[in-house]
1. Quick one: count up the residues across the stretch 121-138 that are assigned to a loop (DSSP other than H, G, I, E, B) and touching a strand residue (DSSP E or B) at 6+ places or on another chain (Cβ under 8 Å).
2. Any residue in the stretch 294-315 that is in contact with a strand residue (DSSP E or B) (Cβ under 8 Å, 6 or more places away or on another chain), in the same structural domain as Leu250 (by TED's automatic domain parsing) and hydroxyl-bearing (Ser, Thr, Tyr)?
3. Checking the structure you have, find out if any residue of the stretch 35-43 is in the same structural domain as Phe107 (by TED's automatic domain parsing) and among the charged types (D, E, K, R).
4. I'd like to know if the stretch 301-314 contains one or more residues that are surrounded by 21 or more Cβ atoms within 10 Å (Cβ to Cβ), small (Gly, Ala, Ser) and touching a Phe, Trp or Tyr at 6+ places or on another chain (Cβ under 9 Å).
5. What are the residues in the stretch 177-199 that are surrounded by 13 or more Cβ atoms within 10 Å (Cβ to Cβ) and not in a helix (DSSP H, G or I), if any?
6. Any residue at all in the stretch 259-272 that's buried (at least 18 other Cβ atoms within 10 Å of the Cβ), in contact with a helix residue (DSSP H, G or I) (Cβ under 9 Å, 6 or more places away or on another chain) and modelled with pLDDT under 90?
7. Can you tell me which residues in the stretch 2-27 are surrounded by fewer than 12 Cβ atoms within 10 Å (Cβ to Cβ) and either outside any loop (DSSP other than H, G, I, E, B) or not assigned by TED's automatic domain parsing to the domain that holds Phe107 (or both)?
8. Among the residues of the stretch 332-376, count how many are part of a strand (DSSP E or B) and either touching a Gly at 6+ places or on another chain (Cβ under 7 Å) or not polar (S, T, N, Q) (or both).
Amino acid sequence: MLKDVYRLLQTKVSTTFLALTLAEDVMQTLRLPYVSLNEFADDLPLIYDTLDRFGIKGNQSENIYTGIGLSELESNFGFEKAAALYAELGRAVLCPRKLAEKILVHFKPKIVVTSNMVRLARAMMAEANQLNIKTVFMEDAFCTPSHPFDKVALSIRSVVSPDIVVDYLISMSPDVEDSIRENLTRNYIVNQPEIHALGNPNVESSLNVKSQDNRFVPTEKYILLLSNKYFRDEIVELLKEYCGANPSVLLVIKIHPNETIEYYNSQFAQYENVSVVSDKSSLVPLIKAAEVILATNSTAAFEAHLLGKKIFCLNPMQSDYLIDHYVKRGIGENIQTSNELTRRIKEFEVESADYSPQIKMTLGSVNKVFQFLLELVNSYEK
């Protein structure tokens, strides 16, 4: 989200981009300077021993962050409890505050900026609070909860996802401030930050793909599913019923990068009106050419909404989370059954001429975020 903002900032002020392992490849490709998280891993043998103890194999250098987080988790709770938490909640429980403190003490920043609220980013924010460093959170999806720990005991949650204070929050749209404020406590943000609607560089840049010359875009009329692992089995059952009842409607399933095409090919093998796409090229041409968009829990649905598309939120499990995530924000319309989906798609053929998305994104976000951060850091240096 911040790479283009960073490109501008580094020419004006002292700026450091801290990259996790996978981000290093991105920064190298873009030829942008960065500091690797691995530079702050002091005791590699201890980290590798921790990985072995938790049964994590593979490229050890790519798992240094995980090893650091597990070491701290184990020091807080002991091996058995740490192993149980990691097995249940995965990397979400890795909040390495000692590492975060070491990084902040080393760089002595005036401001810490993050676009995430889990793991290292939360640790950085928590330690920045302790060191009286100003914090900026650049949210990517209207401040929806990254990982609510509602069912985790408070004594554990305070370690793995501590309460934090955020001084400034950058939103993608001025239309969602009320929604953001409602969800601050669900992110364990315990104050009321100053909110600025400056846009979202990541989403905005993805919307700038103008070419329709994409071999994965069907030439016939179709509806598009933006898949996700969340509630996948329930969604598939609803869609199999829908496809069986509507054999003349082409359903294109664009699978999420963390899914496999084999699952969907096997589930929809008997349906000639289903096409599964796993290509990693831009979603924008696919979205633009679709009649309507079906989604459950995908950030890409926000892009589809901002491109003017009608979103039907498939929710056969009656999830309150999806209601909060899409429906209450005016992003999508709740759909619980295949019959309801059939009816609403037919009705929308008539409604489509008058349809207009309720939420507009703030454009020019790279320059607006850059100017805001530049003025902010200059104000704290005086």
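1. Of all residues in the stretch 121-138, those assigned to a loop (DSSP other than H, G, I, E, B) come to 131-133.
Still in the running and touching a strand residue (DSSP E or B) at 6+ places or on another chain (Cβ under 8 Å): 133.
The number of residues fulfilling the criteria is 1.
2. Pass one, the stretch 294-315, residues in contact with a strand residue (DSSP E or B) (Cβ under 8 Å, 6 or more places away or on another chain): 294-296, 298, 300-301, 304-305, 309-315.
If we keep only those that are in the same structural domain as Leu250 (by TED's automatic domain parsing) as well, we get 294-296, 298, 300-301, 304-305, 309-315.
Next, only the ones that are hydroxyl-bearing (Ser, Thr, Tyr) stay: 296, 298.
There is at least one residue in the stretch 294-315 that is in contact with a strand residue (DSSP E or B) (Cβ under 8 Å, 6 or more places away or on another chain), in the same structural domain as Leu250 (by TED's automatic domain parsing) and hydroxyl-bearing (Ser, Thr, Tyr).
3. Within the stretch 35-43, the subset in the same structural domain as Phe107 (by TED's automatic domain parsing) is none.
No - not one qualifying residue is present in the stretch 35-43.
4. For the stretch 301-314, residues surrounded by 21 or more Cβ atoms within 10 Å (Cβ to Cβ), small (Gly, Ala, Ser) and touching a Phe, Trp or Tyr at 6+ places or on another chain (Cβ under 9 Å): present.
5. Here is the first cut: in the stretch 177-199, the residues surrounded by 13 or more Cβ atoms within 10 Å (Cβ to Cβ) are 177, 179-184, 186-190, 193, 195-199.
If the condition is that a residue be surrounded by 13 or more Cβ atoms within 10 Å (Cβ to Cβ) and not in a helix (DSSP H, G or I), then Leu184, Tyr188, Ile189, Val190, Pro193, Ile195, His196, Ala197, Leu198, Gly199 are the ones that fit.
6. Taking the stretch 259-272 and keeping what is buried (at least 18 other Cβ atoms within 10 Å of the Cβ), we get 264, 267-268.
Subsequent filtering for residues that are in contact with a helix residue (DSSP H, G or I) (Cβ under 9 Å, 6 or more places away or on another chain) retains 264, 267-268.
So of that shortlist, the ones also modelled with pLDDT under 90 come out as none.
Looking for residues that are buried (at least 18 other Cβ atoms within 10 Å of the Cβ), in contact with a helix residue (DSSP H, G or I) (Cβ under 9 Å, 6 or more places away or on another chain) and modelled with pLDDT under 90, one finds none in the stretch 259-272, hence no.
7. Correct list: Leu22, Asp25.
8. First, the residues of the stretch 332-376 that are part of a strand (DSSP E or B): 333-335.
Remaining after also requiring either touching a Gly at 6+ places or on another chain (Cβ under 7 Å) or not polar (S, T, N, Q) (or both): 333, 335.
Matching residues across the stretch 332-376 total 2.
The values are calculated or read from the model by the stated rules, or taken from the named source; none is laboratory data. Owing to the predicted nature of the structure, the values given are computational and were not obtained by experimental measurement. Virtual Cβ from ideal backbone geometry, glycine too; neighbours counted across all protein chains shown.
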